[in-house]
Amino acid sequence: MGVRAYAARCLARIGQQDKGVTSVMIDSLNDKDPQMRRIAVEVLACPGCEAAVVVPALISSLRDEWPTVRYEAAHSLCVFSNAAYAAVPELLHALEDPVPFVRSEATNALNHFAPEAAAKAGIK
């Protein structure tokens, strides 16, 4: 793990609910390093983080070029349950992702907080 990734994880432990940490992590979603983007998504998945700020950032991460970032975004949305309902269209799109583990996590997320949308999509 690189120094910046380690620092991001330390920031998460210090104050995940701090708006400054949230802002830095959202900015990190545009980092050139996919590992840093994945860690930023992971750090943003905290129950105390403000859903109105974090969920849109996670939704855009569902379209990241790196599969591990897309996977982590789908997984992280589950923390926000009903507040993440706006992600349903992107998660439905992720069901067609070329990477199996991304499709699987999109399925899990839909089943977790949008079971009716999952059922309409034919997910069991």
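Laboratory data are not the source of any read-out in this text; all were calculated from the coordinates shown. Bear in mind that the values here come from a model prediction, so they are computed numbers and not experimental data. Note that we place each Cβ from the backbone using ideal geometry, even for glycine, and neighbour counts take in every protein chain shown.
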Chymotrypsin sites (Phe, Trp or Tyr not before Pro) restricted to segment 70-124 and DSSP loop, no more than 14 other C-beta within 10 Å: none
Net charge dipole size for segment 3-120 [Lys, Arg +1 and Asp, Glu -1 on Cβ; Debye, nearest 20]: 200 debye
Gaussian network model of the chain, springs between alpha carbon atoms under 10 Å - residue of A51, A106, A83 with greatest fluctuation: A83
Ranked K19, K124, criterion: other C-beta atoms within 10 Å, fewest first: K124, K19
Degrees between helix 19-28 axis and first principal axis of the chain (Cα, 0 to 90, nearest 10): 70 degrees
Gaussian network model of the chain, Cα within-10 Å springs - most flexible of S76, S28, S61: S28
Nearest-ten-degree value, helix 3-15 long axis tilted from longest Cα axis of the chain: 80 degrees
Matching label, Rg/Rh (Cα atoms, Kirkwood Rh) computed from the structure shown, candidates (i) 1.46; (ii) 0.97; (iii) 0.94: (ii)
222 nm mean residue ellipticity, helices alone, for the chain (DSSP H n ≥ 4; -39,500 (n - 2.57); rounded to 500): -20000 deg cm²/dmol
Residue-wise HN-Hα coupling along segment 111-124, computed from phi with Karplus coefficients 6.51, -1.76, 1.60 (Hz; x: Gly, Pro): 5, 6, 10, 9, x, 5, 5, 4, 5, 4, 7, x, 8, 10
17 Å Cα-Cα reach of K19 towards aspartates and glutamates, excluding residues that sit fewer than 8 places from it in its own chain: D27, E42, E50
